Amino acid sequence: MNDERLSALMDDELPGDETREAVGQLLAEPEARGTWARYHLLGDALRASSELTAAATARPQADNIVPFPTRIQTKPAPARSVPRTGLGLAAAAALAAVALIVASPRPGGEAQPTAVALGTATAPPAGATSVAPIAQPVGGLAPSPSIEPLPTANISQTAMVRDDEAERRMNVYLYDFNDKRAQQSVPGMHSYVHIVGFERP
Amino acid sequence: MGDSMTDTELVARVQHGDKSAFDLLVLKYQHRIVKLVGRYVREPADALDVAQDAFIKAYRALPNFRGESAFYTWLYRIAINTAKNHLVAASRRPSDVDLGSNEDGEQFEIEDMQSTLETPERLLLTEEIRLTVIDAISKLPDDLRTAIMLREVDGLSYEEIATVMDCPIGTVRSRIFRAREAVDLRLKPLLED
């Protein structure tokens with residue numbers, strides 16, 4: 001069975017008549033069943049990481065997260081009748097920054113929190129120093145004046161670092177974004193920003 | 001979660017006697033059901049037992065499932081009721097009582113299902129699997145990573161993703177598949193004995 005077809009089948013994105021045929025093929029091919037199981041496992045793992053992120057940002061702990069400094073007052077958003085506007089905001093948020101802080105186990109040692117800065121929507125020019133993306137509030141929200149830009153000169157795109165300031169800034173960003181998201185019924189940015197180096201809830 | 005045509009087709013096949021179709025439903029939903037049960041039953045081993053019990057109950061009740069709700073909604077209800085019953089029973093009995101008093105006729109099917117469900121040993125792999133998946137995702141090109149995250153984490157349809165990413169639906173389908181394929185290259189060796 002064509003794996004792209006299987007991928008679409010598990011997303012329920014095949015036309016009805018094709019679904020029946022594809023399920024028949026899936027049941028007949030042991031290898032396709034293995035792929036089915038692994039593709040679902042992949043999704044479960046992604047969602048589990050996303051939930052860890054949400055839990056970490058929802059339950060600030062003194063050791064990990066600096067308490068949110070200043071709530072930024074925003075006007076209530078007007079009711080939206082066109083959902084595509086919300087999707088556009090989600091896209092902007094998705095492409096603004098993706099950051100990962102992964103607890104990477106070291107051989108023979110405890111897991112060490114590390115940060116992996118992922119790509120940004122705009123690639124840096126060749127030869128330029130890569131920098132960690134800095135999430136900017138979306139939809140007119142401004143960062144707290146006390147928040148200075150993160151020094152990024154020494155952070156490469158794949159640098160493995162733990163930067164408390166970066167975590168603090170990301171948390172502030174997430175709080176702001178989630179406020180805005182709640183007003184506009186937009187999918188959350190935190191889905192794209194993985195901060196999973198914190199302790200399990 | 002909306003009504004799934006794939007689930008409907010799999011359920012229909014189970015109702016016509018194809019047990020292997022139920023295996024695919026178990027593979028699809030086992031983690032979600034274990035997680036759901038885990039909200040009620042804190043002990044991981046008990047949560048696995050309860051989840052397994054829920055799947056067994058669902059399998060037995062499937063001939064009577066009429067599709068008035070989505071399969072997952074129906075399975076969800078069974079899992080929650082099973083977890084609640086477990087809590088009630090646990091409060092009444094001393095610990096370490098074997099719950100596996102099944103009717104004779106069902107024994108074979110139950111053993112079959114136990115081989116499909118997660119075991120504690122398999123669950124130990126979860127953290128390694130999760131980190132492997134996250135690492136593989138982090139190395140994907142932006143367009144593939146965004147597509148797979150919008151699909152798996154945010155649950156957007158291909159049409160919605162096409163709108164978000166400003167590309168044709170066929171491109172979305174291809175990007176999601178290529179993302180899965182790339183992650184699977186890392187995942188498959190991990191799961192092989």
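Say R0 is 30 Å: what FRET efficiency, to the nearest 0.05, do A:GLN25 and B:ARG39 get from their beta-carbon distance?
For R0 = 30 Å, the calculated efficiency reads 0.25.
Where does the stretch B:23-77 land on Rg/Rh, using Cα atoms and the Kirkwood Rh?
Using Cα coordinates only, the ratio equals 0.97.
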Counting sequence-distant residues (5 or more places) and residues on other chains, those with an amide H built under 5 Å from that of B:GLY155 are none
Amide H neighbours of B:CYS167 at under 5 Å, excluding residues fewer than 5 places away on the same chain, with H built from the backbone geometry, are none
At R0 = 30 Å the Cβ-Cβ FRET efficiency linking B:LYS139 and A:GLU51, nearest 0.05, sits at 0.85
Scoring only Lys, Arg, Asp and Glu (+1, +1, -1, -1) among other residues with Cβ under 9 Å from the Cβ of B:ALA136 yields 0
Two pseudo-spin positions, 7 Å from Cα along C-beta at B:ASN85 and at B:ARG60, lie apart in nanometres by 0.7
Ranked from fewest to most other Cβ atoms within 10 Å of their own Cβ, B:GLU192, B:GLU160, B:GLU181, B:GLU152 fall in the order B:GLU192, B:GLU181, B:GLU160, B:GLU152
Along principal axes, largest first, the alpha-carbon spread of the stretch B:126-191 in whole Å comes out as 34, 18, 17
Per the 1/(1 + (r/R0)^6) rule, R0 = 22 Å and r from the Cβ atoms of B:THR171 and A:ASP17, FRET efficiency to 0.05 is 0.45
For the stretch B:126-191, the dipole about the Cα centre with charges only on Cβ (Lys and Arg +1, Asp and Glu -1), to the nearest 20 debye, works out at 260
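We did not get these values from a lab; they are worked out from the coordinates using the rules stated. Bear in mind that the values here come from a model prediction, so they are computed numbers and not experimental data. All Cβ positions, glycine included, derive from the backbone under ideal geometry; neighbour counts span all protein chains shown.
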